[in-house]
Amino acid sequence: MRQSPALRLLAGTALALFLGVSLSQAASSKAAEPDATETFNLGTVSSFAGAFLAARTAEADRDYANAIPLYKKALEFSPNELELQQRLMIALFMNGDFDEGAKLAKLLEKDPAVERVTSVALSFEAIRDEDYAQALKTLKYEGPNDLDRLMNELLIAWTKVGDGKGKDALKQLAELEGPSWYGIFKNYNIGAIAGVIGDDDTARKALTDTVTDRNGGATAPDTFARAVMALATLEANAGNTQKALDALSAGDELITNFAPFKALRDEIEAGRKPKPVVETAAQGAAGVLFSIGGALNRDGAEDTVMLYLQFSRALDKDAADTLILLGGIAEKAAQADKAIEFYRQVPETSPMRRISELQLGLTLAETGKVEEAREHLQKLIASDPKDVRSYLAYGSVLSDAKDYAAMAENYDKAVEVIGPAPTRNHWSVFFQRGIANERLKKWDKAEPDFKKALELNPDQPQVLNYLGYSWVDMNRNLQEGLDMIKKAVELRPDDGYIVDSLGWAYYRLGRFDDAVTELERAIELKAGDATINDHLGDAYWRVGRKLEATFQWKRALASEPLEADIPKLQAKIEKGLPPIEADAAKATAEPVAEPKKDDKKT
């Protein structure tokens with residue numbers, strides 16, 4: 001089937017433990033409760049149990065705006081309930097209500113279950129109020145976790161900067177020892193602190209060490225990007241234009257097509273002096289939580305990351321990269337409106353504004369505002385016709401809308417912009433144009449684009465899968481198509497769509513037992529997909545498991561198949577598959593009389 005195209009430090013932190021238990025408990029209670037967030041009316045909540053259970057349901061949905069008043073209502077019934085106070089504090093911080101959350105943090109300061117949360121919150125409040133002596137008193141950590149220790153040391157250093165003791169902060173970080181992954185965080189913060197206190201030589205060396213740390217950059221790309229921009233800004237403001245551009249080129253080697261690098265390059269080449277990445281101690285402390293949150297950002301850690309980022313915003317509310325990261329987490333939580341709100345808060349003057357605008361366009365489409373999304377992205381293309389990312393974002397919206405003619409035209413323009421010498425980074429443009437033309441049944445145009453995408457990126461599993469599947473589905477180049485799909489499976493063994501392609505290839509080759517094996521694995525990896533159920537039903541029928549075949553077709557019918565496939569599924573449920581000749585299993589035989597699947601996942 002054709003499919004749409006961090007750092008593991010978290011487990012030991014008390015913060016992660018608290019959040020993990022809190023939210024998993026809320027999720028486990030959710031199945032037995034009504035969806036309180038959909039029917040929420042605070043006036044109808046008349047008991048402690050009702051308020052508490054509804055709040056936990058909202059919390060499990062990351063619907064903190066509803067969880068907060070519900071926890072407050074529960075506290076009216078039981079004002080001294082410690083767990084309620086903990087949950088309310090976390091919900092307030094998660095929702096960006098820092099001041100109110102900090103008030104609860106003062107009450108819970110001695111509570112060991114949330115000590116790391118309250119410590120950071122109260123130190124941030126003190127830093128914001130420029131009460132650095134109080135912040136230093138609050139920042140105490142003597143536990144065994146390396147991540148907590150690093151975070152605490154970095155925050156202490158920035159607190160010293162705010163207190164006018166920048167040299168002491170540099171000495172403290174220079175003496176900091178820890179695991180090898182400390183390197184990128186340590187060097188970046190030394191460079192940023194040195195830049196704030198005017199020690200350009202130290203800043204230049206530390207930032208250069210950060211930018212040349214490729215392993216660290218892969219571990220913490222957000223911190224790496226900040227270091228690149230900080231070094232380029234430092235050099236540009238010192239009059240070293242070429243060195244500034246060289247720093248951005250070094251960044252391009254690790255993070256390709258990064259819009260903020262391009263925006264900063266344009267600013268430097270225009271002779272303007274860019275704004276430093278960090279100008280104050282408060283911004284530096286905020287950056288600590290952003291950097292660690294960015295490094296932890298992966299599936300399963302969203303709640304901890306969100307909390308770190310919301311703390312970061314308390315000291316640097318306009319930080320564009322923080323807002324964009326929060327928007328992405330909101331999108332993952334299916335909170336498109338919240339994501340749009342974050343994207344729209346990115347300052348217009350930020351080099352990251354264009355990224356937020358692109359994400360905003362994609363998210364508008366996800367909320368059903370397709371025409372608004374199209375207009376928004378068309379304006380972005382018009383404002384910078386050479387930005388290939390704009391064409392990719394617009395093409396994604398057109399693909400979802402199944403406007404393949406407009407999609408093909410969009411990528412034709414993108415190919416013109418790329419010119420005669422495309423690079424590896426441009427493989428997706430040719431791939432997407434190939435998809436558009438394949439959907440328009442213009443295989444003579446589609447096939448060369450798929451081949452071009454593979455020429456640019458030979459081990460790209462999506463392209464291998466799409467071209468291999470297409471050939472197999474059309475009964476062409478069966479062995480070559482099978483080999484491509486096998487390679488795609490090796491690259492992505494847990495991708496249900498690609499495993500489905502392998503099963504369907506075996507089916508087309510008449511290797512029905514092998515098809516069953518792979519298709520059963522595909523359905524385990526991607527349950528509830530109509531096409532995979534349909535394929536498995538076909539394979540079961542050919543190996544004589546007709547009752548199971550009918551069951552799979554019925555499951556496919558219940559799994560929202562394409563409208564065009566519904567009568568085909570109904571016919572198979574009623575009559576089964578027609579017989580095939582014995583030699584039809586051979587690769588050179590006539591195509592098996594199966595309906596062509598049109599719901600190819602892109």
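Each reported figure results from applying straightforward, stated rules to the coordinates on display, with no laboratory input. A quick note: this is a predicted structure, and the numbers were derived from the prediction, not measured. Cβ coordinates were reconstructed from backbone atoms using ideal geometry, including for glycine residues, and neighbour counts include every protein chain displayed.
Here are a few things to note about the model shown:
- Centre-to-centre separation between the Cα atoms of segment 129-206 and those of segment 294-317: 19 Å.
- Residue among 161, 304, 561 farthest towards the positive dipole end of the chain, charges placed on Cβ: 561
- By the count of other C-beta atoms within 10 Å, a proxy for reagent exposure, 180, 356, 350 are ordered fewest to most as 180, 350, 356.
- Spatial separation of Cα centroids for segment 85-123 and segment 471-485, in angstrom: 58
- Spatially, segment 535-567 and segment 441-460 are offset by 31 Å when compared through their Cα centroids.
- Each Lys and Arg contributes +1 and each Asp and Glu -1, all at the Cβ; summed about the Cα centre of the chain, the dipole is approximately 560 debye.
- Whole-number D in µm²/s for segment 391-485 (Stokes-Einstein; Kirkwood sum over Cα pairs; 37 °C, 0.692 mPa s): 247
- Spin-label model, residue 111 to residue 175: label points 7 Å out along the Cα-to-beta-carbon direction sit 3.6 nm apart.
- Taking a ≥ b ≥ c as the square roots of the eigenvalues of the alpha carbon gyration tensor, segment 168-241 is oblate, as a/c is not under 1.5 and a/b does not beat b/c.
- Fraction of the pair-distance distribution of the chain above 48 Å, Cα-Cα pairs, percent: 24
- Once the C-beta distance of residue 243 and residue 451 is scaled by a Förster radius of 35 Å, the resulting FRET efficiency is 0.30 to the nearest 0.05.
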